[in-house]
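Quick one: structure below, then a few questions.
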Amino acid sequence: MANTQELSRIASQVRRDIVRMVCAAKSGHPGGSLGITDVMTALYFNEMKHDPATWTRSAKGQDAFIISAGHLAPVYYSVLARAGYFPVSELGTLRKFGTRLQGHPCITDALPGVFQSSGSLGQGLSCAAGIALGKKLDGESERVYCLLGDGESEEGQIWEAGMWAAHHKLDNLIAFTDWNGQQIDGRVEDVGGLGDLKAKWDAFGWKTIVTDGHDFDAILAAFEEAGKSEGKPVMILFRSEMGHGVDFMAGTHKWHGKAPNQEQVEEAMKQLDEALGDF
Ligand SMILES: Cc1ncc(C[n+]2csc(CCOP(=O)(O)OP(=O)(O)O)c2C)c(N)n1
């Protein structure tokens, strides 16, 4: 289990991977990926009970993770590779012809670590809730985690899944939202305002936690608190910054789905721990 210092180093590595992968592919989604990197690193290197050597899609005896906001594939692939699910060198194949690393995760490519296809926003929480109920029916104590976007949270299916998970008292379900305030076309509040997101999840019968998505102590504390829920699914709203870690990408929707050029990659690399290697 990595401590906060190690998590910080791994997160820098993951951010380097994201920038390089999207540049090599000449397309993809760096902004949201960079913003949720700290949370995803904490999840895979500290919080989740998982083992790449024995992993199967059935998730028997292990925690499961569903990425609902499938466009955040770059951070997902990097974390999986760095955790040992597949060779780090494969990161360079993102979005290339014949790759297992599609622009959005796809189970028909059988990429180890990927539980569910995604990309069409709004569907992942339903999958996660179903797996969580299945684990309860099987008497398993492991958990199911699910990553949502805040722009994605404008999708109605999420709220249907939210009601259903609360109805079934799925306290083994820990969902979290990348609450960066941005989405594809601008600020979430300008495109389709979510209002008081915490009050909404509370009203849907969830235990809701709001915290900083870039402070590893806060992230780990939130997961710990989430694990203590009894009778309620948990939503962690991680306050985050789109593009975090690379100054010219930070805080704007403009890097939601745009590839940096080689010059921009070199500039980004200077800002992210240069002592780390690359794939
Ligand atoms: C059903 C559906 N509608 C629209 C899209 C196109 N789309 C991809 S990402 C995105 C914005 C999502 O915003 P958010 O969840 O906040 O992600 P972020 O911009 O923070 O990465 C949209 C509209 C899609 N993938 N699926």
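Please list, ordered by chain and number, the residues whose modelled amide H lies under 5 Å from the amide H of residue 171; skip anything fewer than 5 residues away on the same chain.
So residue 171 has HN proximity to 231, 232.
Hey, what did the chain get for relative contact order, percent, Cα under 8 Å, at least 6 apart? Please list the in-between numbers first.
Working: 566 pairs, mean separation 69.9, N = 279.
After rounding, I find 25 percent.
May I ask you to list the aspartates and glutamates whose Cα is less than 13 Å away from that of residue 169, ignoring any residue fewer than eight positions away on the same chain?
Qualifying aspartates and glutamates at Cα under 13 Å: 230.
Restrict the search to the stretch 174-279; then list the GluC sites (Glu not before Pro) that DSSP places in a loop and that have at most 13 other Cβ atoms within 10 Å of their Cβ.
230, 274
For the stretch 1-51 and the stretch 218-244, what is the separation of their Cα centres, given in Å?
Here the answer is 17 Å between Cα centres.
Write down the percent of antiparallel bridges among all DSSP beta bridges whose residues are both part of the chain, to the nearest 5.
Counting DSSP beta bridges with both partners in the chain, the antiparallel share is about 10 percent.
Stretched out fully, how many nm does the piece from residue 51 to residue 160 gain, at 0.36 nm a residue minus the Cα gap?
Going from the current span to full extension adds 36.1 nm.
By how many nm would the segment from residue 278 to residue 187 grow when fully extended, if each residue of separation counts as 0.36 nm and the alpha-carbon distance is taken off?
29.5 nm
Which value, in Å³ per residue, describes the convex hull spanned by the Cα atoms of the chain?
Given the Cα convex hull of the chain, per-residue volume reads 111 Å³.
Next question, about the same structure. Can you figure out the FRET efficiency of residue 136 with residue 263, using R₀ = 35 Å and their beta-carbon distance, to the nearest 0.05?
It comes out at approximately 0.10.
What lysines could a cross-link reach from residue 254, if we take a straight Cα to Cα line under 16 Å and drop same-chain neighbours fewer than 8 places away?
Reachable lysines: 26.
May I pose another question? State, in angstrom, two size descriptors of the stretch 194-238 derived from its alpha carbons: Rg to one decimal place and Dmax to the nearest whole number.
Looking at the stretch 194-238, its Cα Rg and Dmax stand at 10.7, 28 Å.
If the only charges are +1 at each Lys and Arg Cβ and -1 at each Asp and Glu Cβ, what is the size of the charge dipole of the stretch 4-271 around the Cα centre, to the nearest 20 debye?
680 debye
Next question. List the lysines whose Cα lies under 17 Å from the Cα of residue 49, skipping any in the same chain that are fewer than 8 positions away.
60, 135, 136, 228
No value in this document is a laboratory result; all are computed from the given coordinates. This structure is a prediction, so every number in the text was calculated from the model and none was measured. Quick reminder, even Gly has a Cβ in these numbers, built from the backbone with ideal geometry, and neighbours come from all protein chains shown.
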